[in-house]
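A short write-up of the structure that comes next.
The values are calculated or read from the model by the stated rules, or taken from the named source; none is laboratory data. What you are looking at is a predicted structure, and each value in this text was computed from that prediction instead of being measured. Positions of Cβ are backbone-derived with ideal geometry, glycine not excepted, and every protein chain shown enters the neighbour counts. For the accessible areas, the whole protein counts, side chains as well, though only heavy atoms, and no ligand, DNA or RNA atoms are used. Shrake-Rupley method; radii C 1.70, N 1.55, O 1.52, S 1.80 Å.
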Amino acid sequence: MDVSGGRGQPRPGNDESAEHTGPEAQAPGGTGDGPTTPSAPTPADGTDARPEGHTPGPGAPPSERGTPQDTGAAPDDAPAPGQDRHRTPAHTEPVADRPARPSQAPAGRPEHPDHPFAHSGSGKGQPPQRPEERKRGGLLMGRPFGVPVYVAPSWFLVAILITWVFGGQIDRVLPELGAVSYLVSLFFAVAFYASVLVHELAHTLAALRFKLPVRRIQLQFFGGVSEIEKEAETPGREFVLAFVGPLLSLVLAGLFYLGLLAVDPGSVPGVLLAGLMVSNLIVAAFNLLPGLPLDGGRMLRAVVWAITGKPMAGTVVAAWVGRALAVCVLIGLPLLTQSGALGSDAVDNVGMDTVLDALLAAILAAIIWTGAGNSLRMARLREHLPELRARTLTRRAVPVESDTPLSEGLRRANAAGARALVVVDADGVPVSLVREAAIVGVPEHRRPWVPVGTLAQDITEGMRVSAELAGEELLDALRATPATEYLVVEETGEIYGVLSAADVERAFVKAMARPS
C-alpha cells in the first residue's frame, strides 16, 4: 500500500458534500495565555451546531460560557473517544487562488452537518496510549529474545521480605550460619525470581512462536507478567500460551527435586533446593487456579471460547471466576493458616502471624480482583478497537499554498465544509499541515496578514497515514510517530484528509466506555 506520495487532485465523483458546516473566520480565543477552545459556528438557521454533549474547555471563549460573542466561530471538537464519528473527508480540489467549491458526498458516506473546522483546544492531543505505556517499567535488566525485562521497584520490597522470613527459617535449621543465613536467604530470593522469569519467558517464547508481539516482561510484587500486545487467534493457541508457564514451573520444581536427591538436605544447597522446589510448586498450583488474571483463568477462557465460539464470553466467565477466587482467598487463606491445614500449628488467638496472614490474603485478593477487572476492560477494548478507523475519523482538508493568508484559507475551508488545511507546493504535493492549535492562537484581526505556511508543521513520512488503517494498526502507526495531526492518504497517494490525534483519543475513550 503506497501512502508516501500524494498530489492534491481530487478523484472524479469522490468529493464529499458540504455536510460539515464550515466555520466562520475563527475568533481569537482566550486572554492571550495560550490557545483556547473556540466556539462552534452557528448555522444560518440560527441553531446551535455544536455536537450533542459538547462541553467547553477551561479556556473557552465567552460564547461557550453563556455570554454573547460577536466574532466568528471556530472549529468544534472532533469525535468523542471511541465512537465512530463517520465524518469522512473527501479529496478537495487544490486551489491556490480561488475558493474551494462545495462538493457532493459519495454514496454511503455518512453526513455530519455539525462538525466545523478542525480544532482540538490546546492542540496537545496525542495518540491514545495503553496504561502500561504511561508508567515506567522499572529497572531494565536485559533483553532476552529481544524482549525487555524490567524489575519493578516493588520487587525490592518483596526481596527484603523474603530475605527476612526465609532467613529466620534457615537460622533455625542451620544455626551455625549466624548472620550468613540472611545472605543465603537473599540468594534464595534472587533465585526464586529467576525461576519466575523463566516462567514468564515460557509465555514469551510461546507468544513469539505464534507471531504475537510481546511488549515487555516485568518482575513485580508477587511474581511477574508478560505483556503480550495481541490476542491469540484461536482458543487452542490461547490454551497453550497460558499453560506453558505453569508447566515450566512444574518442570523446574522437578529439576530442583532431582538436585535435592544429590545433596545433603541439611546443608545450605539442600535448604535452597528444597525451598526452590516448594516455591515453584506453589507458583504452578497458584497459577493453575481457574480465574483471570491467572494462567488457569486464561485456560478456562480458552475452553469457554472453544465451546461458545465467542472470546468475550470466555473472558466474562473467567473474570467472574477470578473475582470469586479473590473472595475465597480473602476469607479462606487466613482460616486455613489459623486452622493448621497448611502445615503450621493451629492458632486459637489472634497474634502477629494471624495479622500478617490476613494482610497477605488481602493483598492477593486485591491483585486477583483488579486483574480480573482489567482483563474485562482489555477484552472490551479489543472488541471495540476495530471501530477506530482512519477513514471515518478523518477531517476534510482543503489544500492551500504556503503564502495563502490564514483568513483566506479559513474562508476556503468554510466554503468547502472542510475542517483542516494542508499546505501544498506548486505541483499540488502536500508538504505540511497547518496546526489547529496555531490557528486558534492567531487573533482574528491578524489573520489576513499571517501566511498559513508559518503555522504549518512539515509532513514527515511517519505522519502519512493510510485511510485503510483501523484498530490496533492505526494506534500503532500513530504511536510510532507522535504528532497532533496526520495526513491521511489513499492507496494511490491522493489526499484524503487530516486526522487529529485528539479525535482518535476521544474515540478510543468513548469505545472503552460503551458496554460490550
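Numbers for the structure displayed
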{"read-out": "Filtered residues of the stretch 430-446 (kept if open to solvent by 10 Å² or more (accessible area, probe 1.4 Å) and assigned to a helix (DSSP H, G or I))", "value": "ALA437, ALA438, GLU444, HIS445, ARG446"}
{"read-out": "Some residue of the stretch 248-259 being in contact (Cβ under 8 Å) with a residue 60 or more places away in the chain, closer than 22 Å to VAL149 by Cα and either of a type in the set (Gly, Ala, Ser) or exposed (fewer than 15 other Cβ atoms within 10 Å of the Cβ) (or both)", "value": "no"}
{"read-out": "When residues of the stretch 394-410 are limited to those that are assigned to a strand (DSSP E or B) and surrounded by 19 or more Cβ atoms within 10 Å (Cβ to Cβ), the one nearest to the chain's Cα centre (by Cα)", "value": "ARG395"}
{"read-out": "Residue count for the stretch 287-326, restricted to those that are free of Cβ contacts under 8 Å to residues at least 24 places away in the same chain, part of a helix (DSSP H, G or I) and surrounded by fewer than 19 Cβ atoms within 10 Å (Cβ to Cβ)", "value": "3"}
{"read-out": "Qualifying position, being over 27 Å from the mean Cα position of the chain (by Cα) and either modelled with pLDDT of 95 or more or of a type outside the set (Phe, Trp, Tyr) (or both), among VAL304, VAL321, VAL316, VAL327", "value": "VAL327"}
{"read-out": "Residue tally, condition under 24 Å from the mean Cα position of the chain (by Cα) and open to solvent by less than 50 Å² (accessible area, probe 1.4 Å), over the stretch 190-212", "value": "8"}
{"read-out": "Subset of the stretch 161-186 that is more than 13 Å from VAL271 (Cβ to Cβ) and of a type in the set (Gly, Ala, Ser) - its residue that is most open to solvent (accessible area, probe 1.4 Å)", "value": "ALA179"}
{"read-out": "Extreme residue, farthest from ARG172 (Cα to Cα), among residues of the stretch 228-247 that are surrounded by fewer than 20 Cβ atoms within 10 Å (Cβ to Cβ) and in contact with a Lys or Arg (Cβ under 7 Å, 6 or more places away or on another chain)", "value": "GLU231"}
{"read-out": "Any pair with Cβ under 7 angstrom, 6 or more apart, that starts in the stretch 436-463 at a residue that is more than 16 Å from ILE495 (Cα to Cα) and ends at one that is charged (D, E, K, R) and surrounded by fewer than 19 Cβ atoms within 10 Å (Cβ to Cβ)", "value": "PRO451/ASP403; GLY453/ASP403"}
{"read-out": "Any chance VAL244 is at pLDDT below 95 and of a type in the set (Val, Ile, Thr)", "value": "no"}
{"read-out": "Selection status of VAL498, in contact (Cβ under 8 Å) with a residue 40 or more places away in the chain, over 21 Å from the mean Cα position of the chain (by Cα) and surrounded by fewer than 24 Cβ atoms within 10 Å (Cβ to Cβ)", "value": "no"}
{"read-out": "Residue list for the stretch 159-196, filter: over 16 Å from GLY275 (Cα atoms) and in a helix (DSSP H, G or I)", "value": "ILE160, PRO175, GLU176, LEU177, VAL180"}
{"read-out": "Strands (runs of 3 or more DSSP E) (entirely within the stretch 447-516) containing at least 3 residues that are closer than 28 Å to ARG412 by Cα and of a type in the set (Lys, Arg)", "value": "none"}
{"read-out": "Meets criteria (open to solvent by less than 10 Å² (accessible area, probe 1.4 Å), within 30 Å of ARG380 (Cα to Cα) and modelled with pLDDT of 90 or more) for VAL489", "value": "yes"}
{"read-out": "Looking only at the stretch 145-159, and only at residues there that are exposed (fewer than 14 other Cβ atoms within 10 Å of the Cβ) and at pLDDT 90 or above, the one that is nearest to VAL268 (Cα to Cα)", "value": "PHE145"}
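Quick grid of which residues meet (1) surrounded by 11 or more Cβ atoms within 10 Å (Cβ to Cβ); (2) modelled with pLDDT of 75 or more:
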{"site": "GLN338", "(1), (2)": "yes, no"}
{"site": "ASP345", "(1), (2)": "no, no"}
{"site": "ASN349", "(1), (2)": "no, no"}
{"site": "MET352", "(1), (2)": "no, no"}
{"site": "LEU356", "(1), (2)": "yes, yes"}
{"site": "ILE363", "(1), (2)": "yes, yes"}
{"site": "TRP369", "(1), (2)": "yes, yes"}
{"site": "GLY373", "(1), (2)": "yes, yes"}
{"site": "ARG377", "(1), (2)": "yes, yes"}
